[in-house]
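The values are calculated or read from the model by the stated rules, or taken from the named source; none is laboratory data. Please read all numbers here as calculations on a predicted model, not as lab measurements. When we count neighbours, we look across all protein chains shown, and the Cβ atoms used for this are built from the backbone with ideal geometry, even at glycine.
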Amino acid sequence: MNCASPVVPNWRTSTHTKSDSCVEVADNDVREVRVRDTKARARGTVTARRDAWGAFVEYAKRAPGAGS
């Protein structure tokens, strides 16, 4: 049985964000990363395992048009 206390998300936006049309990420939990829409926070979050999130970020960095 896992009795660990839930981690309160520490939401942040990317330093590359130039507007509020983006997502916020909470990556302060050692087990998972949470993502939510900046403009629709009440709609909920997407939760991913840390390893899956890391793989997604690395893929996004290599994707055509990344960084533009």
Strands (runs of 3 or more DSSP E) fully within the stretch 21-68 counting 1 or more residues that are among the hydroxyl-bearing types (Ser, Thr, Tyr): 46-49
Just to verify a result, which residue in the stretch 27-40, among those that are hydrophobic (A, V, I, L, M, F, W, C), under 16 Å from residue 13 (Cα atoms) and at pLDDT below 95, is farthest from the chain's Cα centre (by Cα)? 40
Positions within the stretch 41-68 being closer than 17 Å to residue 22 by Cα, surrounded by fewer than 10 Cβ atoms within 10 Å (Cβ to Cβ), modelled with pLDDT under 90 and of a type outside the set (Lys, Arg), in sequence order: 65, 66, 67, 68
